[in-house]
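The values are calculated or read from the model by the stated rules, or taken from the named source; none is laboratory data. Not measured: the values here are computed from a predicted model. Neighbour counts are summed over all protein chains in view; Cβ atoms, including those assigned to glycine, are modelled from backbone coordinates with ideal geometry.
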Amino acid sequence: MRNIYLIARREFLSYVATWGFWLSLLSVPLFMALGFGMPILIENSQPTRYYVLVDETGGRLEEAVFEQIDRSREDQAEQVREAAREILGDNPQLGAAIDNSMQLDNDGYIRVEAGTTDLNELRPYLTGDAELETADGPQPLFAAIFLSEPVPGRVEMAYWSTNLTDRDLRRDIRDALRDYMQLRHLVENGVDPALIEAAEDLEPVVRELNPERTDEAAEVTESERLPIVMGVATAFGLWIVIFSVVNMLLTAMIEEKGNKVLEMMLASARHHEILTGKLLGVAAVSATLLIFWGGLASIGGLAIQQLMAAADIPAAEILAALFDPALLGPAIGYFIVGYLMYGAVFLAIGSLCETIQDAQTLMSPMMLVMMMPLFLVMMAIDAPDSPIVAIASWIPLWTPFIMLVRLPQDIGMIEIIGSTLGMVVTALIVIWGAGVLFRMGALNQANQDTVKSWFQFGGKKKAAS
Amino acid sequence: MSETILALDGVSKTFNGKPAVRDVSFSVERGQITGFLGPNGAGKTTSLRMSLGILTPDRGTVSLFGGPPRPAALDRVGFLPEERGIYRKMKVIDVIVFFARLKGVAPAEARRRGLQMLEEFGLAEVAESKVKTLSKGMAQKVQIISTLVHEPEFIILDEPFSGLDPVNQNALEQVVRRQAEAGRTVLFSTHVMEHAERLCDKIVLIAKGRKAFDGTVAEALGQVPRRVTLEIVSDHDLSRVLAGKGEVHREARGEHEVWIVDLGPGVDAQDILKACVDADVKLTRFEPVRAHLHDAFVHLVGREAAAPEAETV
């Protein structure tokens, strides 16, 4: 135990002392902050656009456009409110927040009057040669939009702008014009406008029910889907962590082999102690990362919980769904077994190789093995009962990832126990085999050619040098 | 009565059908410096690895401190492998402390001893430096310190002199002597006989995986015929003059004839000189040749077996 502890400790400290570790530690919260902050930053940093709208029909199209835009925004807000109600329950404060958000979106484009409707006079403002006097001071003109209807029923929009990428305004007005044209077409053909409005409001009442429950309890809510989302997220998270951690193990092993330290170590510790110490040391590194990230997430979660509690949102129910012990427990178990399985294999590969180039030959098939669960997890999101997914979850190397997605989806206990048992037994066999390979590799009695020779069917097996 | 620290009894090991060590038996006694000699690929490293339990013999038994080479016994052993290396990114003192702690030394004591040994080896100023900043010679010294810092009873050095310049070879010889003087048992392998000749109380010769000799240096040298080289300018036939004193043969003819005499039992160089003087032989050279371990090795195993193996095991 002493040697395992010392080797694990050395391994851990050697990683903690590197820049790479600190970059990894800070990268996740940094990228998360960027992920959340960037859209807001982009939104806030985007300059307010000033545009001129010239309606050559005398105001008819202009009125219709703004009416349609307002209606469209209200429809979007209602959809968001509806989705929020499904997940978070009915809450007036949330509704107000959504309305406010929609209003903020609207503030990006401001219509101004240029004092002229002539394009040639507007052109210097559009090209940046001159600036318009606005309530916010002199500003360049983002776009000039000319609406016309040269022949009845043929509405045209001329959109003048030097900005070729920001097309939101153009899209909004085009959509509003299209809706207006469709509505007018129906009205002109004798359809009552009230009837059209009523038709637009028509929507089926959909109730999703769980046959395992009765009466009111049978209603399936959106919050019940959260464990499935969590399962998928955990499976991907597990994959990312295992993938990055086993690569650490591989490079550390190759470095140690290259430094010729192993034989010195073998005079003090046995093979299994070195193997276990390394696995535990790197596991401690990943645990540190996960605890740090988890701590930050908890702080964030607490803050969100406070906000939700203040807004009278059923936070406890959501958090309970997110941190369901029925999912967290197996996730921890699958992580440990998955890490040990893949970690042992990558350590063994490292012990057979002198350089990363040597390792690449052996890594390729392992990479394929590791990539497969990613595709299967995606498949399992929509079709958890697919035979392919069900069979794949019995393949021990993939069990940790696929079962995390399938667990929240009410699969049979036999499948859970059977696949887990298969995974644990395979992990033990893999660790034992990796130990044998590690022992041979550490003393240069085997190398990557030895492994290759095992797969040379019908050919003469090469002896280890 | 001497205490046996290490005993190999009929040990054999085969790799991929190729025998590396064949039925080797020898022992190392407490307080002795034992040289384990043989050409490259003779099976020395494999034997040492089996001694430490790093490899398991296919046949035979290994006894370290009177029992199988268990992990607890390893704490009493300092091993310097042939393929040397240490953690390049660690600080010098941290490397030493790490290896000392693996051998059961308490952290504070490990640090104290490490700093003291660095001082003794003239490396005190690099204690806090990273190993990768050291020269090759300095790094090798750090590894030697890492091998000795836990004050092992038994020190095993696998080809310790390889890769060292003559100055450092000499320094290492001094280290080995000091360790022996401190009562420690030393076993080192080498294919350079001169080191063994200078250092060892006992040697074990191995060639092609088999033991060829096991005894003291003097006993090994005693296996080599003593020789005298003579150069004469007279017309004497020395095979007649020195008849009965050993094997005599002429190496070169001409104005200066060179004769080689392999001395017979009980005959020494003085007897040869006296016989020549009595016979009025005109000597221009009289050179008793001192045998070396290499000669003993070649004599014991033959020239072919003394040559390095093509493949090192």
For helices (runs of 4 or more DSSP H) lying entirely in the range A:1-114, having 2 or more residues that are at pLDDT below 80 picks out A:19-45, A:60-88, A:92-106
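Residue-wise test of (1) free of Cβ contacts under 8 Å to residues at least 40 places away in the same chain; (2) closer than 18 Å to residue A:2 by Cβ; (3) within 14 Å of chain A (Cβ to nearest Cβ).
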{"site": "B:39", "(1), (2), (3)": "no, no, no"}
{"site": "B:53", "(1), (2), (3)": "yes, yes, yes"}
{"site": "B:61", "(1), (2), (3)": "no, no, no"}
{"site": "B:75", "(1), (2), (3)": "no, yes, yes"}
{"site": "B:96", "(1), (2), (3)": "no, yes, yes"}
Exactly one of A:226, A:177, A:164, A:169 is over 30 Å from residue A:143 (Cβ atoms) and not polar (S, T, N, Q), and that one is A:226
Apart from one, (1) within 10 Å of another protein chain (Cβ to nearest Cβ); (2) within 30 Å of residue B:21 (Cα to Cα) all hold for residue B:104; the odd one out is (2)
Note on the range B:173-187: residues more than 13 Å from the chain's Cα centre (by Cα) and either assigned to a strand (DSSP E or B) or of a type in the set (A, V, I, L, M, F, W, C) (or both) are B:175, B:180, B:182, B:185
Within the range B:225-245, of all residues that are surrounded by fewer than 15 Cβ atoms within 10 Å (Cβ to Cβ) and among the β-branched types (Val, Ile, Thr), the one farthest from residue B:286 (Cα to Cα) is B:233
- Query: Looking at this structure, is residue A:162 surrounded by fewer than 12 Cβ atoms within 10 Å (Cβ to Cβ) and touching a residue at least 12 places away in the same chain (Cβ under 8 Å)?
  - Reply: yes
When the range B:125-150 is checked residue by residue, the ones that are assigned to a helix (DSSP H, G or I) and within 13 Å of chain A (Cβ to nearest Cβ) are B:131, B:132, B:136, B:139, B:140, B:142, B:143, B:144, B:145, B:146, B:147, B:148
Within the range A:234-281, restricting to residues that are of a type in the set (Lys, Arg) and crowded, with 21+ Cβ neighbours inside 10 Å, the one that is modelled with the highest pLDDT is A:278
Picking from B:49, B:88, B:112, the residue that is of a type outside the set (Phe, Trp, Tyr) and in a loop (DSSP other than H, G, I, E, B) would be B:88
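Let's see how each residue does on (1) modelled with pLDDT of 80 or more; (2) in a strand (DSSP E or B); (3) surrounded by 16 or more Cβ atoms within 10 Å (Cβ to Cβ):
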| site | (1), (2), (3) |
| --- | --- |
| B:247 | yes, yes, no |
| B:254 | no, no, no |
| B:265 | no, no, no |
| B:271 | yes, no, yes |
| B:291 | no, no, yes |
| B:295 | no, no, yes |
| B:301 | no, no, yes |
| B:308 | no, no, no |
| B:311 | no, no, no |
Just checking, does the range B:152-169 include any residue being over 22 Å from the mean Cα position of the chain (by Cα) and closer than 28 Å to residue B:64 by Cα? no
Picked from the range A:1-22 (must be touching an Asp or Glu at 6+ places or on another chain (Cβ under 7 Å) and within 9 Å of chain B (Cβ to nearest Cβ)), the residue surrounded by the fewest Cβ atoms within 10 Å (Cβ to Cβ) is A:3
Residue B:92 meets each of (1) surrounded by 19 or more Cβ atoms within 10 Å (Cβ to Cβ); (2) in contact (Cβ under 8 Å) with a residue 60 or more places away in the chain with one exception, condition (2)
Among residues of the range B:79-104 being at pLDDT 90 or above and β-branched (Val, Ile, Thr), the residue farthest from residue B:138 (Cα to Cα) is B:97
All-but-one check, residue B:207 against (1) in contact with a strand residue (DSSP E or B) (Cβ under 8 Å, 6 or more places away or on another chain); (2) touching a residue at least 60 places away in the same chain (Cβ under 8 Å); (3) not aromatic (Phe, Trp, Tyr), failing number (1)
* Asked: Would the range A:118-134 turn up any residue that is among the hydroxyl-bearing types (Ser, Thr, Tyr) and at pLDDT 85 or above?
  -> yes
Quick count over the range A:333-390, residues being closer than 22 Å to residue A:420 by Cβ and among the hydroxyl-bearing types (Ser, Thr, Tyr), is 4
*Evaluate the range B:33-46: report whether one residue or more is of a type in the set (A, V, I, L, M), closer than 24 Å to residue A:270 by Cβ and surrounded by 24 or more Cβ atoms within 10 Å (Cβ to Cβ).*
no
When the range B:108-141 is checked residue by residue, the ones that are among the β-branched types (Val, Ile, Thr) and either at pLDDT 90 or above or surrounded by fewer than 17 Cβ atoms within 10 Å (Cβ to Cβ) (or both) are B:133
Checked the range B:167-189 for anything surrounded by fewer than 16 Cβ atoms within 10 Å (Cβ to Cβ) and among the hydrophobic types (A, V, I, L, M, F, W, C); matches are B:167, B:182
Could you say whether any residue in the range B:176-189 is touching a His at 6+ places or on another chain (Cβ under 7 Å) and of a type in the set (A, V, I, L, M, F, W, C)?
no
When every residue in the range B:203-245 that is of a type in the set (Asp, Glu) and under 27 Å from residue B:293 (Cα atoms) is compared, the one modelled with the lowest pLDDT is B:219
All conditions in (1) within 14 Å of another protein chain (Cβ to nearest Cβ); (2) of a type in the set (Lys, Arg); (3) within 19 Å of residue B:189 (Cβ to Cβ) are true of residue B:91 except (3)
